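So the structure is just underneath, and the comments pick up after that.
Each value in this text was obtained by applying a stated rule to the coordinates, not by laboratory testing. The shown structure was predicted, so the numbers you read here are calculated from the model rather than taken from an experiment.
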Amino acid sequence: MIYYSLFAQLPLNEKAELTWQKGTFLTCQMLESHSLSLYALGDFYVELVYDPENNRIVDLTAFKDTSGLAPYLDKIKIG
């Protein structure tokens, strides 16, 4: 299992790779120019921001506070 404190210290590319390999995909949403993907990873969540036009990750945010899930709640299917 990966710990939040260790994950936070990794470079962006390693965070993304670890998220894809070990994370559980929860949902995604499309914005005008980016897609947001939400993953559960250990005891925290990861929001990955992807720019499809340039085929690159532009941001990745890890958080433990469940208030960060609010924008996704209507998209997450449980059960």
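When the helices in the chain are scored as -39500 (n - 2.57) per DSSP H run of 4 or longer and the sum is shared across all residues, what 222 nm value do you end up with, to the nearest 500 deg cm²/dmol? If you can, show how the numbers build up before the last one.
Numbers: 2 runs with 17 residues, N = 79.
That comes out to -6000 deg cm²/dmol.
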Row for the chain, column shape: gyration tensor on C-alpha, a ≥ b ≥ c, rounded if a/c < 1.5 i.e. under 1.5, prolate if a/b over b/c, else oblate; value oblate
